[in-house]
Amino acid sequence: MARNLEGLERLKRRIARIPENIRAPVQAAVQANAEMLAAEIRKVAPEDSGKLRQSVRTKQGDTDLVTLVLAGGELTTVPIREGSDITWDYALGVEFGVERHTQQGMFALDPSINLKTRAGRRAAKGKQKFHPGTKGTRFFYGTWQVEKRRLKARLRAAMKRSVARSIQLDRAA
């Protein structure tokens with residue numbers, strides 16, 4: 001899912017101007033923060049088959065100072081029903097929940113109703129089943145909300161340390 005963020009090119013140019021002696025420690029802190037967040041998300045992710053927890057991963061972003069934490073994808077993408085070509089990433093359903101809706105396909109009616117007969121079709125009228133919906137668990141975003149302050153503080157401290165080291169090296173030289 002690609003996004004066009006306003007000012008992204010300007011940000012990339014500013015990141016490229018950061019000196020290497022400052023960039024390397026900050027890059028390590030960004031990576032460590034991403035790994036820590038991914039580990040926390042794995043801890044709180046619901047475990048049914050274990051695939052959702054396995055799908056939590058980190059990925060290098062557009063620049064070396066960007067690391068993404070992702071969940072879902074190939075491991076959690078399943079057909080919406082058996083034999084269907086349409087797929088659904090159930091990580092989204094676990095995170096955000098599912099709305100109440102009328103069931104379709106093989107789950108739409110009581111299996112004892114035979115739709116091949118006229119009497120069965122009459123009996124089926126108005127007897128559609130509804131899925132009650134489910135609430136989301138917020139395993140991903142909720143963990144980010146809880147950890148955000150600590151991760152930002154660690155990153156800020158790493159930046160301050162790398163700038164202070166850079167200043168000390170400049171004075172010594």
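Values in this text are rule-based calculations from the coordinates and carry no lab data. Remember, predicted model here, so these are calculated numbers, not experimental data. Cβ sites come from the backbone with ideal geometry, for glycine too, and all protein chains shown count toward neighbours.
Roughly speaking, what is the centre-to-centre gap between segment 148-172 and segment 15-65 when only Cα atoms are used, to the nearest Å?
Segment 148-172 and segment 15-65 have Cα centres separated by 19 Å.
Treat each spin label as a single point 7 Å out from the Cα along the C-beta direction, and report the Glu6 to Asp170 distance in nm.
Computed distance between label sites Glu6 and Asp170 equals 3.3 nm.
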